[in-house]
1. D107 is checked against (1) farther than 28 Å from E137 by Cβ; (2) of a type in the set (D, E); (3) at pLDDT below 95; (4) surrounded by 15 or more Cβ atoms within 10 Å (Cβ to Cβ) and fails just one. What number does that condition carry?
2. Could you tell me which residue of segment 93-124 is farthest from A53 (Cα to Cα), considering only residues that are in a loop (DSSP other than H, G, I, E, B) and within 12 Å of the ligand (Cβ to nearest atom)?
3. I'd like to check something: does segment 161-174 contain any residue that is part of a strand (DSSP E or B) and out of contact with any strand residue (DSSP E or B) (no Cβ under 7 Å at 6 or more places or on another chain)?
4. For segment 1-45, which positions are at pLDDT below 95, hydrophobic (A, V, I, L, M, F, W, C) and touching a strand residue (DSSP E or B) at 6+ places or on another chain (Cβ under 6 Å)?
5. Test of understanding: among L42, L60, which residue is at negative phi and either within 14 Å of the chain's Cα centre (by Cα) or surrounded by fewer than 13 Cβ atoms within 10 Å (Cβ to Cβ) (or both)?
6. Can you tell me how many residues in segment 126-183 are of a type in the set (S, T, N, Q) and under 14 Å from the mean Cα position of the chain (by Cα)?
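The values are calculated or read from the model by the stated rules, or taken from the named source; none is laboratory data. None of the values given here were measured: they were computed from a predicted structure. Neighbour counts are summed over all protein chains in view; Cβ atoms, including those assigned to glycine, are modelled from backbone coordinates with ideal geometry.
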Amino acid sequence: MEGKTINNQIKKVLISEEQIQNRVSELAKEINRDYSGKKIHLVSILKGATIFASDLMRKLEVPVTIDFISVSSYGNSTESSGVVRIIKDLDHPIEGREILLVEDIVDTGLTLKYIQGILLAHKPKSLKTCVFLDKYERRQVDLKIDYTGFIIPNEFVVGYGLDFAERYRNLTFLGILKEDEYT
Ligand code: 5GP
């Protein structure tokens, strides 16, 4: 591992930086249109969604504020349990506000469903969800997603905020790791 450049560890670029930036611009356009005359309070889920949320919010033209929530899945398996523990709660109340929840990736959907439930319990005026990536074929629960960046196949991806063992979040593109990087 030592001495390898990041790009040597990537088997394939799944989505290029240019494709990502174009898609984020398209999403922002849609969101600007849908929220015209309103204010958006973004709720970004730490840590994976931070890069996406910061690119997206810089392209929004309506008044926007941001807050962060951090959750961790119960249990130690790599499979999502759907029950999450709040590690860092929101700093500001969301009651009566137009909330746009921003997440990096939805897989089984269990985590996002749980977080949507937590937010709805605080009675926002509206709650919409924007995900960068959707592994649609893996979905286990019915989920309302309002904006989706890309639907991707069932492969483990890194980059643009997504990590493997806390690494690779800083890649500007979305990639698939070489198998030997897992071991
Ligand atoms: P879900 O509850 O939808 O099954 O799990 C979603 C969470 O699993 C995401 O927030 C993310 O942390 C993790 N996850 C799922 N697929 C991937 C992937 O391909 N790459 C990375 N880095 N994380 C993933």
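1. Here D107 clears every test but (1).
2. Among them, the one singled out is T108.
3. yes
4. I10
5. Matching residue, one of L42, L60: L42.
6. Residues meeting the conditions: 2.
Residue by residue, here is whether (1) in contact with a Cys (Cβ under 7 Å, 6 or more places away or on another chain); (2) modelled with pLDDT of 95 or more; (3) over 19 Å from G109 (Cα atoms); (4) more than 10 Å from the ligand (Cβ to nearest atom) holds:
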residue	(1), (2), (3), (4)
E137	no, no, no, yes
Q140	no, no, no, no
I145	no, yes, no, yes
F150	no, yes, no, yes
V157	no, yes, no, no
A165	no, no, yes, no
N170	no, yes, yes, yes
F173	no, yes, yes, yes
